[in-house]
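Q: One structure coming up, written as structure tokens, with questions to follow.
The values are calculated or read from the model by the stated rules, or taken from the named source; none is laboratory data. Keep in mind it's a predicted model, so treat the numbers as computed, not measured. Don't worry about glycine lacking a Cβ; one is built from the backbone with ideal geometry, like all the others, and counts go over all protein chains shown. In case anyone asks, the SASA skips ligands and DNA or RNA and just uses the protein heavy atoms, side chains included. Shrake-Rupley method; radii C 1.70, N 1.55, O 1.52, S 1.80 Å.
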Amino acid sequence: MTLSRRKFLTLAGKVILFLGLSSSFPRLAAAASGTLPIEALRQLITADPRHSRTIMWQSKTPLEGCRLQYQGPDGAMKNLPVNMESLDEDRVVNYYYTCYLKDLAPDSTYHYRIWQGNIATPWQNFNTAPAEIDAFSALIFCDSQCGKTYAGWGQAFRTVWQRHANAHFFAIVGDIVDNGQQEWQWQNFFANLEGVLPQHIYVPVMGNHECYSLIWKFCRPRRYELSYNLPANGSPELQNHYYSYDYGPVHFIVLNTQMLELKDIHPDLLEKQKTWLRQDVKNHRAKWQVVLMHKDILAYDEYQEGSKTMMSISDVGYALMPVFDELGIDLVLTGHMHTYRNRGHIHHLQPAEKGPVYIMSGPIGNQQYTVPADKTFDRSAIYQPTPENYLLLNASNEKLSVTCYTVNGELVETYEIKK
């Protein structure tokens with residue numbers, strides 16, 4: 001969403017770490033399926049989804065002694081301790097629980113549940129990625145933020161998954177909620193995915209709206225930081241802000257574009273991120289390098305503090321595009337402006353026939369706007385005002401294919417990249 005329409009929080013949060021001590025519970029088999037006050041059960045991407053998975057959930061009350069039980073293809077039942085952190089914000093305390101499962105067998109089905117005392121949740125399933133992935137598809141959503149209700153978002157999410165039932169995972173490229181400190185925003189976002197979210201790998205990306213306080217001032221995105229436990233990036237103070245993971249022939253790089261919003265909290269965010277990015281690409285030699293980040297490389301009608309303009313290349317573009325050229329990034333997927341635009345290749349800050357391909361999409365939420373064209377860079381665009389839309393990414397060793405659809409099923413465009 002454009003900066004003129006956006007908003008950010010100082011944070012009053014307390015963090016508690018809880019580690020279980022026992023790993024064997026003979027009485028577990030007798031645990032009855034009952035009611036635990038668990039919300040927003042979700043599975044998150046890990047650096048290697050063939051062999052690991054992160055399971056998270058939250059509660060309004062502390063679940064002392066809470067554990068995760070799981071069973072894999074070997075039939076062995078295992079019990080894991082759980083990390084717990086809490087946040088007191090917007091007059092509500094939320095408790096966040098994380099369990100990291102490792103040394104999993106590729107291409108296998110695992111069953112898991114959460115239990116406390118003699119009460120356990122119903123069983124849930126997840127599948128690890130195959131050891132060798134020659135081709136896969138993924139769903140890319142942008143700007144799921146909503147006003148008044150997230151019911152439309154939930155319906156859109158279910159509709160799209162029914163249409164593309166074989167997608168391996170989904171990403172939300174920033175502005176997950178409209179206000180990062182509002183309890184009802186996060187509560188409604190997750191509530192409208194109930195029963196669906198635990199079945200799919202979720203790849204979250206931070207947006208600027210995650211960095212707004214209750215009074216729409218810039219703030220530390222504490223609720224985002226606690227809601228997602230993501231692959232490590234080597235910077236504890238910026239954990240969950242940026243990360244990477246491998247999936248088949250693609251190395252995905254998730255970046256934080258909120259340098260403006262976080263300048264007083266993390267003034268070195270850009271430089272730390274660029275240093276990490278160079279090393280990350282050096283360490284991960286994949287056929288394709290794909291970046292997911294919220295803010296776009298073009299400004300359209302959003303004033304840029306650095307360049308003092310409202311059009312052409314954005315401050316984020318000036319900061320990151322030269323690095324993408326240097327590292328040979330193949331595809332950059334963005335959101336933020338709530339419309340679909342395909343710019344094709346851009347190299348040395350000019351339209352080109354080589355260099356990274358830049359595609360922007362969204363929204364998937366109910367915040368819709370009319371966005372002006374950029375006659376220099378836009379190769380194609382959806383009609384205005386933009387309806388809810390999303391991307392289907394198909395990847396193989398031979399090519400990347402990005403298709404934009406409206407939620408209603410209208411084909412907007414397919415764009416292919418080969419090398």
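Q: Using amide H atoms built in the peptide plane, which far-off residues or other-chain residues are under 5 Å from V82 H to H?
A: Result for V82 returns G20.
Q: Where both partners of a DSSP beta bridge lie in the chain, what percent of those bridges are antiparallel, to the nearest 5? Spell out each step's value before the answer.
A: On the way: 68 of 93 bridges.
In the chain, approximately 75 percent of DSSP beta bridges are antiparallel ones.
Q: Right, another one. Using alpha carbons only, how many angstrom separate the centre of segment 125-174 from the centre of segment 394-414?
A: What the calculation gives is 14 Å, centre to centre.
Q: Across segment 371-380, in residue order, what do the Karplus-derived ³J(HN,Hα) couplings come to in whole Hz, using 6.51 cos²θ - 1.76 cosθ + 1.60 with θ = phi - 60° and x for Gly and Pro?
A: 10, x, 7, 10, 5, 7, 10, 5, 8, 7
Q: Right, next: Considering the alpha-carbon set of segment 78-221 alone, what are its Rg and its Dmax in angstrom?
A: Here Rg and the maximum Cα pair distance are 17.1, 48 Å.
Q: Whenever you get a sec, compute what percent of the accessible area on the chain sits on carbon and sulfur atoms (1.4 Å probe). Each step should come with its number before you reach the end.
A: Numbers: 8340 of 16290 Å².
Carbon with sulfur: 51 percent of the solvent-accessible area.
Q: Work out how much length L411 to N118 would gain on full extension: take 0.36 nm times their residue separation and subtract the Cα-Cα distance, in nm to one decimal. Write out the running numbers ahead of the final one.
A: Details: separation 293, 0.36 × 293 = 105.48 nm, distance 5.04 nm.
Here the answer is 100.4 nm.
Q: Sticking with this one: Pick the calculated mean projected area of the Cα convex hull in nm² for this structure from (1) 34.7; (2) 18.9; (3) 23.5?
A: (2)
Q: Karplus couplings for segment 175-182 from phi (6.51 cos²θ - 1.76 cosθ + 1.60, θ = phi - 60°), rounded to Hz, Gly and Pro as x?
A: Whole-Hz 3J(HN,Hα) from phi for segment 175-182: 6, 5, 10, 7, 9, x, 9, 7.
Q: Step through the residues of segment 404-415 one at a time and calculate ³J(HN,Hα) from phi using the Karplus curve (6.51 cos²θ - 1.76 cosθ + 1.60, θ = phi - 60°), rounding each to whole Hz and writing x for Gly and Pro.
A: 9, 10, 7, 4, 6, x, 6, 6, 8, 5, 10, 10
Q: Using the beta-carbon distance between H111 and Q384 and R0 = 51 Å, what value does 1/(1 + (r/R0)^6) give for FRET efficiency, to the nearest 0.05?
A: Working: r = 47 Å, r/R0 = 0.92.
In this case the efficiency is close to 0.60.
Q: Now for a separate question. Any idea what the dipole of segment 39-160 comes to, in debye rounded to 20, about its Cα centre with Lys/Arg Cβ at +1 and Asp/Glu Cβ at -1? Let's see the in-between values first.
A: Working: 11 positive and 13 negative charges, 72 e Å.
That gives segment 39-160 a dipole magnitude of about 340 debye.
Q: Under a point-charge model restricted to the Cβ atoms of Lys and Arg (+1) and Asp and Glu (-1), what is the dipole moment magnitude of the chain relative to its Cα centre, in debye to the nearest 20?
A: Details: 38 positive and 42 negative charges, 85 e Å.
Charge dipole, the chain, about its Cα centre: 400 debye, nearest 20.
Q: Evaluate the Kirkwood expression for the hydrodynamic radius of segment 88-161, namely the inverse of the mean inverse distance over all pairs of different C-alpha atoms, and round to one decimal in Å. Numbers along the way, then the final one.
A: Working: mean 1/r = 0.0592 Å⁻¹.
Every distinct Cα pair counted, the radius reaches 16.9 Å.
Q: Go through L391, I119, Q258 and say which Cα lies farthest out towards the positive end of the charge dipole of the chain; charges sit on Cβ, +1 for Lys and Arg, -1 for Asp and Glu.
A: Towards the positive end, the residue furthest out is I119.
Q: Please report the antiparallel percentage of DSSP beta bridges with both residues in segment 264-419, rounded to the nearest 5.
A: 75 percent
Q: Given 4 °C and 1.567 mPa s, how large is the Stokes-Einstein diffusion coefficient of segment 140-191 in µm²/s, with Rh as the Kirkwood radius over Cα pairs?
A: Numbers: Rh = 11.6 Å.
Translational D for this selection: 111 µm²/s.
Q: Separate question: If amide H atoms are built 1.01 Å from N in the plane of the peptide, which residues on other chains or at least 5 residues away come under 5 Å of the amide H of L63?
A: Amide H to amide H, under 5 Å and 5 or more residues apart or across chains, L63 pairs with nothing.
Q: Going down the list K102/K282; K78/K102; K102/K274, which pairs span over 22 Å between their C-alpha atoms? Walk me through the numbers on the way to the answer.
A: Numbers: K102/K282 25 Å; K78/K102 12 Å; K102/K274 29 Å.
Check vs 22 Å cut-off fails for K102/K282; K102/K274.
Q: Report the normalised scattering of segment 348-419 as log10 I(q)/I(0) at q = 0.14 Å⁻¹, calculated by the Debye formula with identical scatterers on the alpha carbons.
A: For segment 348-419, the Cα-only Debye profile gives -0.52.
Q: Cα-Cα over 20 Å: which of K287/K399; K354/K419; K263/K375; K287/K375? Write out the running numbers ahead of the final one.
A: Values: K287/K399 10 Å; K354/K419 10 Å; K263/K375 31 Å; K287/K375 32 Å.
Violating the 20 Å Cα-Cα cut-off are K263/K375; K287/K375.
Q: I'd like to check one number: the per residue accessible area of segment 203-259, probe 1.4 Å, reported in Å² as a whole number.
A: Values: 1360 Å² over 57 residues.
Normalised by residue count, the accessible surface of segment 203-259 is 24 Å².
Q: May I ask for the distance between the Cα centers of segment 251-265 and segment 316-354, given as a whole number of Å?
A: After rounding, the separation between the Cα centres reads 16 Å.
Q: In terms of the Cα gyration tensor, with a ≥ b ≥ c the square roots of its eigenvalues, is segment 282-419 rounded because a/c is under 1.5, prolate because a/b exceeds b/c, or oblate?
A: Numbers: a/c = 1.84, a/b = 1.10, b/c = 1.68.
In terms of gyration-tensor shape, oblate.
Q: A further question follows. I want to verify a result. In a Gaussian network model of the chain, Cα cutoff 10 Å, which of these has the top mean-square fluctuation: G65, G344, G154?
A: Among G65, G344, G154, the largest mean-square fluctuation in the Gaussian network model of the chain belongs to G65.
Q: Using the Cα centre as the reference, give the magnitude of the dipole from point charges on the C-beta atoms of segment 183-259 (Lys, Arg: +1; Asp, Glu: -1; all else neutral), rounded to the nearest 20 debye. Don't skip to the answer; put the middle values down first.
A: Numbers: 4 positive and 6 negative charges, 43 e Å.
Result for segment 183-259 is approximately 200 debye, rounded to the nearest 20.
Q: Something else about it: Using only helices, what value at 222 nm comes out for the chain when you add -39,500 (n - 2.57) per DSSP H run of length 4 or more and divide by the total residues, to the nearest 500 deg cm²/dmol? Each step should come with its number before you reach the end.
A: Details: 5 runs with 56 residues, N = 419.
It lands at -4000 deg cm²/dmol.
Q: So what is log10(I(q)/I(0)) for segment 213-309 at q = 0.15, 0.22, 0.24 1/Å, when the Debye sum runs over its Cα atoms only?
A: Those come out to -0.70, -1.27, -1.38, one per q.
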